[in-house]
Amino acid sequence: MNRPRIELLAPPFAGHLHPILAIGRALQGIAEVTVVSTDGAQARIRAAGLAGVAVVPGADAALRAITDPPHPVGAHPLRLHAQFERSLDLLEAFARALAERYARQRPDLLIADFTLPVAGPIARRHGIPWWTSHPSPCVIEARGGPPAYLGGWRPRRDALGRTRDAIAAALVRGFKRGVHRLHRRRLAALGFPSLYRDDGSEAAYSDDCILALGLRDLEFERSWPSSLHFVGPLLWSPPDRGVPPPDDGRVHILATLGTHLGFAKDVLAARLDGFAASHPDLVVHFSDGRLDADPQASHPHLRRHAWIDYPSWVPRMRAVLHHGGAGVMWECLRAGVPALVMPHDYDQFDHAARLDAAGVALRLGHVRALPAALERVLGGDAGLAPGRFVDALRPGIAEAQVVSLAKARLGL
């Protein structure tokens, strides 16, 4: 009997590709797994022990220009609009590549990162079951709480809070519908004549299964779509890359802004260098988060690295300063290491709000607050419980849930 075929689709960025690779590794035992991405992702796909296919030549440079601008995008309408137009160009190219591929051969299941929603219409056209992988479930629209992308609001249970959330949700939907109207022809051609289904759910996500790669207990309580399954984070990191973690008995602190946010890294590095200079008993590290680059400007007191391996480094740290990216967020929670979160863009503010509300991290509003906050965390005066989710994040739990769902879908 032939094994079922599962294809996974993701952009090349670590926060999206690496969870897909973890899903692929988990599913290898029940199916033949192929990961479809760009040229820039192929080395990491091979390192994960998976088969890869590259589509859309030149997409890596175009994607980086979109996702790593020299300024924050935030809720700035003109920047959002320009970013969306460039994203549509790439989504059209991905859609053409997928249509050509699945006209020749069809997998038994397609699992796509949420940033590539064109996989859904293509899959339906070719009769392929389609799931969405979502490492940031906080941005999924759901009734009963504050919407995402508004600076990281926390819930309010009183009448004023419910009114605030309802008005904000209507404004967010109105903005999205306005963008859809501006690009109606192109979006309809991609398979999205409307952003919402008749039941109000978002058409960009699968109505069969959304793999929410997070913990329900960390999320604010809301009325989630019926297709959503909280399976937990799935984490993978490239093996044997970067500097090995320190093991000298000293107190070490790690700071990272992930793969993107180039506009903010030098500012933060300079601030950390000053902190390190005034705390010679500490060793402060900064990661540029780039597998393909050397570190930027050197600093006399700060150890700056092009790339470090979160799974091996984070457990050795006394504290971690990060931007609220999903990957480093979950590594800190899995290791039970206290974190300071300084969000800059995208869903990072919403992650920061949840971490702060759960008492597992401190949220910082500005880099000026960093020295005092670090002093509190290092002194044990921050009132944090960083080990709260350690048991729920034991390796293998999320993988087993994904395998169980896939077996049920494939009839195994």
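What is the log10 of I(q)/I(0) for segment 281-381, computed with the Debye formula using one identical point scatterer on each Cα and no solvent, at q = 0.18 Å⁻¹?
Calculated log10 I(q)/I(0) at the listed q: -0.91.
Can you classify segment 86-179 as rounded, prolate or oblate using the Cα gyration tensor, where a ≥ b ≥ c are the square roots of its eigenvalues, rounded means a/c under 1.5, and otherwise it's prolate if a/b beats b/c and oblate if not?
Prolate.
When the solvent-accessible surface of protein heavy atoms is calculated with a 1.4 angstrom probe, in what order do Trp236, Trp153 fall, highest first?
Sorted by accessible area, descending: Trp153, Trp236.
Between Asp381 and Asp281, what FRET efficiency follows from the Cβ-Cβ distance if R0 is 22 Å, with the result rounded to 0.05?
0.80
With point charges of +1 on the Cβ of Lys and Arg and -1 on the Cβ of Asp and Glu, referenced to the Cα centre of the chain, which listed residue (Ala188, Val118, Thr132) lies farthest in the positive direction of the dipole?
Ala188
Classify segment 189-276 from the C-alpha gyration tensor, please: rounded if a/c falls under 1.5, else prolate or oblate depending on whether a/b exceeds b/c. Mind dumping the intermediate values first?
On the way: a/c = 2.67, a/b = 2.13, b/c = 1.25.
In terms of gyration-tensor shape, prolate.
Would you please give the FRET efficiency between Arg124 and Ile397, computed as 1/(1 + (r/R0)^6) with r the Cβ-Cβ distance and R0 = 41 Å, to the nearest 0.05?
According to the calculation, E is roughly 0.85.
Please calculate the 1.4 Å probe accessible area of Tyr149, with all protein chains present, and give it to the nearest 10 Å².
Looks like 100 Å² after rounding.
Quick check: from the Cα gyration tensor, does segment 85-140 come out rounded (a/c under 1.5), prolate or oblate?
Oblate is the answer for segment 85-140, as a/c is 1.5 or above yet b/c matches or exceeds a/b.
Indicate the helices, whole DSSP H runs only, in the chain that combine a mean Kyte-Doolittle hydropathy of 0.5 or more with a Cα extent along their long axis of 24 angstrom or more. Write out the running numbers ahead of the final one.
Working: long enough: 77-104 (40 Å, -0.28); 159-182 (35 Å, 0.05); 262-278 (25 Å, 0.55).
Sorted by number, the helices that extend far enough and score high enough are 262-278.
Based on the Kirkwood radius over alpha-carbon pairs, what value in µm²/s does the Stokes-Einstein equation return for the translational diffusion coefficient of the chain at 10 °C and 1.306 mPa s?
After rounding, the answer is 72 µm²/s.
Write out the trypsin sites (Lys or Arg not before Pro) in segment 348-397 meeting two conditions: DSSP loop, and at most 14 other Cβ atoms within 10 Å of their Cβ. Provide the component values of the computation, followed by the final result.
Working: sites: Arg354, Arg363, Arg368, Arg376, Arg388; in loops: Arg388.
Listed in order of number, the matching sites amount to none.
What are the semi-axes of the equivalent ellipsoid of segment 189-348, taken as the square roots of 5 times the eigenvalues of the Cα gyration tensor, listed largest first and rounded to whole Å? Could you put the intermediate results ahead of the total?
On the way: eigenvalues 259, 61, 41 Å².
Computed over segment 189-348, the values are 36, 17, 14 Å.
Per residue, how much space in cubic angstrom lies within the convex hull of the C-alpha atoms of segment 171-214?
Per-residue hull volume (Cα only) is 100 Å³.
Would you mind calculating the relative contact order of the chain from Cα pairs under 8 angstrom and at least 6 residues apart, reporting the percent as a whole number?
Taking the mean separation of contacting Cα pairs over the length of the chain, I get 15 percent.
Under the 0.36 nm per residue contour assumption, what length would be gained going from the current alpha-carbon distance of Ala168 and Glu100 to full extension?
Stretched fully, the Ala168-Glu100 segment lengthens by 20.4 nm.
The values are calculated or read from the model by the stated rules, or taken from the named source; none is laboratory data. The structure displayed is predicted, hence computed values, not measured ones. Glycine gets a Cβ as well: all are built from the backbone with ideal geometry, and neighbour counts include every protein chain shown. The area values use the complete protein model at the heavy-atom level, side chains included, leaving out ligands, DNA and RNA. Shrake-Rupley method; radii C 1.70, N 1.55, O 1.52, S 1.80 Å.
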